[in-house]
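> The structure is given below, and queries will be raised subsequently.
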Amino acid sequence: MKHYEVTGQKDTRSGFGVGLLEIGHKNSDVVGLCADLTGSLKMDAFKATFPERFFQVGIAEANMMGLAAGLATTGKIPFTGTFANFSTGRVYDQIRQSIAYSHKNVKICASHAGLTLGEDGATHQILEDIGMMKMLPGMTVINTCDYNQTQAATVAIAEHYGPVYLRFGRPKWPVFTDTKQKFEIGKAWLVSEGKDVTIFCTGHLVWKAIEAGHQLAAMGIDAEVINIHTIKPLDAEAVLESALKTKCVVTAEEHQKAGGLGESICSLLSQKAPTPVQLVAVNDSFGESGKPEELLKKYGLETENIVAAVQKVLEKRGK
Amino acid sequence: MPTTQDLRQLTLQIRRDIVRMVHAVQSGHPGGSLGCTEFFVTLFFDVMKHNPESFSMNGKGEDVFILSNGHISPVYYSTLARSSYFEVAELATFRKLNTRLQGHPATHEGLPGVRTASGSLGQGLSVATGIALGKKLDKDPNTVYVLTGDGELEEGQCWEAIMYAAHNKVDNLIVTVDFNGQQIDGSTSEIMGFTELKNKFEAFGWMVLEMNGNELEEVKLTLTQARELSRKGKPLVIIMKTEMGHGVDFMMGSHEWHGIAPNDEQLKRALDQNPETLGDY
């Protein structure tokens, strides 16, 4: 299992803020919109640097999506910022009609996704957003794993034409990917090569999968860890290649089982290369208040759950 | 500049197009379309500065129109075709498989003249406001027009946009409300009374004009006045009283013809009342 050095503890949303400022300098068509959460989304620097290209829309997310669609019509590249729940479920029809169906180049940037939002509880901890967004034809869906990857992804989506859902989170989290990485939309990242089992992981759970990989190595199990940061379009080639090699798969994500990365992987494998799979994800449940680590433990998204899932899938496959 | 007589001829032809399109596929929305014909004709053939023969999605350097109440697509499509955005013959494909003239307007099939999908109500005001913001960033002095239904104002998103546009002085935006007083389940006064609509807009910080949308000369006068009043720090709305089904006597003044197609005999009666002026498609 490859070793990754943790260079700091930073929130992924701050990576978004830095990335947005960076592309704001590079491309004058980039505009930002925010629904009364500028500080939470780390959009302050963009707002201060490009005040004429920043639109405070107030607590009116439906209007924000429409404004973004209109700005995109004129050739701007709008980045909308609010919590993941208000970026998706609250405005699903606005995104569907005015952005996705109308082919608008809008970047829907969503913070505070998943359980790790913590104490605010289930009203804000959306666990269905990946599913909703990946069902929309033409929508690119990205869930980043650390500060650096989020910064790189923010820059990359500005250079990609088409609607994108970029999902990140609230808590400080280990930073372990390269600072100068090039983010390739739709291209899986081989975190660590292995031969016994593949762990496909996304978002905050990539770090948990790496931890699990080390624990498994100590048990004599050589896990391949692959980061699927782009859930749609899925890197089918990378998924199939690894699954055909290891012949058993675990998926790990901070999302419902229904609609998430695990479901996308299962759908692909069942059609192209039937393989035993174990899903580490929330099982048809809302979240609740608590500390991020407490919640990940209670809802079965911890390192130990990934290790247990690997053991189970190895049993299913048979040695 | 077209004369009032020119515009009147267009309204007759477009009304023919509307009822023929809806009759041909036995589906679509004739009532609201007929009620807004004078508005469309005046806007597209007289008031707006636009480039029908070289349509560009971004609308830079021209006025832009957004239809929020997308179900009145027949009048929109006929107007676009008669303005030369596409061939009038294509009107015959309305609502048929593989058409660019979808039941509700869409950009998906690349129909020139359409810049956003609409049909799910309440979204067009926001999209139009976004285009107006884009024009301001580009220092483009042209105007964004949007038409919305009156029943559509029951959607909360409309008021988000109305609040936003006033607060941010989006004054290159001219909204028209098709105030026909009807919606699917009955009259708007029964369903969700629009009392004090003018006062509501004024309280939100808008300039308000009113007009009878079925009087060509009044429509022209009011749209011209609206243009003169724009760019003065406030968004502007025209509350346009119309009669649903206007120009076809048996469809007038009732919500019954919101989404119903005429039969053969009704088609004949409707066409008799609207003689061919510019050639049927």
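> Pick out the long, greasy-scoring helices in chain B: whole DSSP H runs spanning 15 Å or more along their own axis by Cα, mean Kyte-Doolittle at least -0.5. Before the final figure, lay out each step's value.
Numbers: long enough: B:4-25 (32 Å, -0.15); B:124-137 (20 Å, 0.94); B:156-167 (17 Å, 0.12); B:216-229 (20 Å, -0.19).
Span-like helices here: B:4-25, B:124-137, B:156-167, B:216-229.
> Net charge near B:Thr143, counting Lys/Arg +1 and Asp/Glu -1 over other residues with Cβ under 10 Å of its Cβ? Please report the intermediate quantities before stating the final value.
Values: positive: B:Lys49, B:Lys135, B:Arg227, B:Arg231; negative: B:Glu62, B:Asp63, B:Asp140, B:Asp171.
Once positives and negatives cancel, what remains is 0.
> Moving on. Do you know the relative contact order of chain A, to the nearest whole percent, from alpha carbon pairs under 8 angstrom that are 6+ apart? Don't jump to the answer; show the numbers that get you there.
On the way: 759 pairs, mean separation 59.2, N = 319.
Across chain A, relative contact order equals 19 percent.
> Identify the GluC sites (Glu not before Pro) of region A:1-89 meeting these criteria: DSSP loop state and at most 16 other C-beta atoms within 10 Å of the C-beta. Could you put the intermediate results ahead of the total?
Working: sites: A:Glu5, A:Glu22, A:Glu52, A:Glu61; in loops: A:Glu5.
Listed in order of number, the matching sites are A:Glu5.
> Enumerate by residue number the trypsin sites (Lys or Arg not before Pro) in region B:84-136 meeting two conditions: DSSP loop (anything except H, G, I, E, B), and at most 13 other Cβ atoms within 10 Å of the site's Cβ.
On the way: sites: B:Arg95, B:Lys96, B:Arg100, B:Arg115, B:Lys135, B:Lys136; in loops: B:Arg95, B:Lys96, B:Arg100, B:Arg115.
Those that pass, being in a loop and sparsely packed, are B:Lys96.
> Also, quick follow-up: Across peptide A:90-100, how many C-beta atoms of other chains are within 10 Å of each residue C-beta, on average?
Details: counts 0, 1, 0, 5, 6, 0, 3, 12, 9, 4, 2.
The per-residue average across the peptide is 4.
> Rank A:Ala110, A:Ala69, A:Ala236 by mean-square fluctuation in a GNM of chain A with C-alpha springs under 10 angstrom and give only the top-ranked residue.
A:Ala236
> With N denoting the number of residues in region B:198-281, provide Rg(C-alpha) divided by 2.2 N^0.38 Å, to two decimal places.
Values: Rg = 17.5 Å, N = 84, 2.2 N^0.38 = 11.8 Å.
After normalising by residue count via 2.2 N^0.38 Å, the value is 1.48.
> For A:Asn27 paired with A:Ala48, estimate the spin-label separation in nm (one decimal), with each label point 7 Å from Cα along the Cα-to-Cβ line.
Inter-label distance under the simple model: 2.5 nm.
> When a footprinting reagent is the concern and you count Cβ atoms within 10 Å, what order do B:Asp249, A:Asp11, A:Asp36, A:Asp146 take, fewest first?
Numbers: B:Asp249 11, A:Asp11 22, A:Asp36 16, A:Asp146 27.
Least to most surrounded, the residues fall as B:Asp249, A:Asp36, A:Asp11, A:Asp146.
> Taking H as built 1.01 Å from N, whose amide H comes closer than 5 Å to the amide H of B:Ile238, not counting residues under 5 places away?
Amide H to amide H, under 5 Å and 5 or more residues apart or across chains, B:Ile238 pairs with B:Val175, B:Thr176, B:Val177, B:Leu209.
> Give me A:Lys107, A:Lys312 sorted ascending by neighbouring Cβ count inside 10 Å, so fewest comes first.
A:Lys312, A:Lys107
> Pairs of Cα atoms under 8 Å, at least six residues apart: use those to get the relative contact order of chain B, whole percent. Each step should come with its number before you reach the end.
On the way: 572 pairs, mean separation 76.2, N = 281.
Worked out over chain B, it gives 27 percent.
> A further question follows. In the Gaussian network model of chain A, springs joining C-alpha atoms below 10 Å, which of A:Met133, A:Met43, A:Met219 carries the largest mean-square fluctuation?
Fluctuation is largest for A:Met219.
> To the nearest whole number, what is the average tally of beta carbon atoms from other chains within 10 Å of the beta carbons of peptide B:131-141? The partial results should precede the final answer.
Numbers: counts 8, 4, 10, 11, 3, 2, 9, 4, 0, 1, 0.
Partner Cβ neighbours, averaged per residue: 5.
> Could you compute the net charge surrounding A:His124? Neighbours are other residues with a C-beta less than 12 Å from the C-beta of A:His124; K and R count +1, D and E count -1.
Numbers: positive: A:Arg90, A:Arg170; negative: A:Glu119, A:Asp120, A:Asp129, A:Glu288.
Taking every other residue near A:His124 into account, the sum is -2.
> Give me the net charge for the shell around B:Phe250: Cβ to Cβ below 11 angstrom, other residues only, Lys and Arg +1, Asp and Glu -1. Please list the in-between numbers first.
Numbers: positive: B:Arg269; negative: B:Asp249, B:Glu256, B:Glu265.
Here the charged neighbours net out to -2.
> While we're here: Over the alpha-carbon set of region A:34-134, divide Rg by the Kirkwood Rh and report the Rg/Rh ratio to two decimals.
Numbers: Rg = 13.3 Å, Rh = 13.8 Å.
Rg/Rh: 0.96.
> While we're on this one: Using only helices, what value at 222 nm comes out for chain A when you add -39,500 (n - 2.57) per DSSP H run of length 4 or more and divide by the total residues, to the nearest 500 deg cm²/dmol? Spell out each step's value before the answer.
Numbers: 11 runs with 115 residues, N = 319.
Counting only the DSSP helices, I get -10500 deg cm²/dmol.
> Now for a separate question. If I model region A:168-250 as equal point scatterers sitting on the Cα atoms and use the Debye formula, what is log10 I(q)/I(0) at q = 0.23 Å⁻¹?
Rounded to two decimals, the profile gives -1.17.
> Here's a follow-up. Considering the convex hull of the alpha carbon atoms of chain B, report its projected area averaged over all viewing directions, in nm², one decimal.
Working: hull surface 52.7 nm².
The orientation-averaged projected area of the Cα hull of chain B comes to 13.2 nm².
> Taking N as the number of residues in the protein assembly as shown, what is its Cα Rg relative to 2.2 N^0.38 Å? Walk me through the intermediate numbers first.
On the way: Rg = 27.2 Å, N = 600, 2.2 N^0.38 = 25.0 Å.
Relative to the rule-of-thumb radius for its length, the protein assembly as shown sits at 1.09.
> Can I ask one more? Be a star and scan region A:275-306 for residues whose amide nitrogen sits under 18 Å from the point 7 Å along the Cα-to-Cβ vector of A:Lys312.
Of the residues in region A:275-306, A:275-286, A:296-306 have backbone N under 18 Å from the label point off A:Lys312.
> I would also like to ask the following. Would you look at the GNM of chain A, springs on alpha carbons closer than 10 Å, and say which of A:Lys134, A:Lys26, A:Lys195 moves the most?
Of the options given, A:Lys26 has the highest mean-square fluctuation.
> How big is chain A on each of its three principal axes, counting only the C-alpha atoms and giving the largest first in Å?
Cα spread of chain A along its principal axes, largest to smallest: 61, 37, 37 Å.
> Roughly how crowded by other chains is peptide B:115-125, in terms of the mean Cβ count from those chains within 10 Å of each of its Cβ atoms?
On the way: counts 6, 12, 10, 3, 2, 6, 2, 5, 13, 4, 4.
Per residue, the number of nearby Cβ atoms from other chains is 6 on average.
> Kindly state, to the nearest 0.05, the FRET efficiency for A:Gln9 paired with B:Lys139, given R0 = 30 Å and r defined as their beta-carbon distance. Don't skip to the end; give the middle numbers.
Details: r = 45 Å, r/R0 = 1.48.
With a Förster radius of 30 Å, E is 0.10.
> Would you please state which residues of region B:54-82 a label at A:Asp93 would reach in this model, taking the label point 7 Å out along Cα→Cβ and a backbone N cut-off of under 14 Å?
Within reach of a label on A:Asp93: B:69-71.
> Pop a pseudo-label 7 angstrom from the Cα along the beta-carbon direction at both A:Lys187 and A:Ala236 and give the gap in nm to one decimal.
For the pair A:Lys187/A:Ala236, the computed spacing is 2.0 nm.
Readers should treat all values here as calculations from the given coordinates under stated rules, not as data from a laboratory. Please read all numbers here as calculations on a predicted model, not as lab measurements. Cβ: placed from backbone, ideal geometry, glycine included. Neighbour counts: every protein chain shown.
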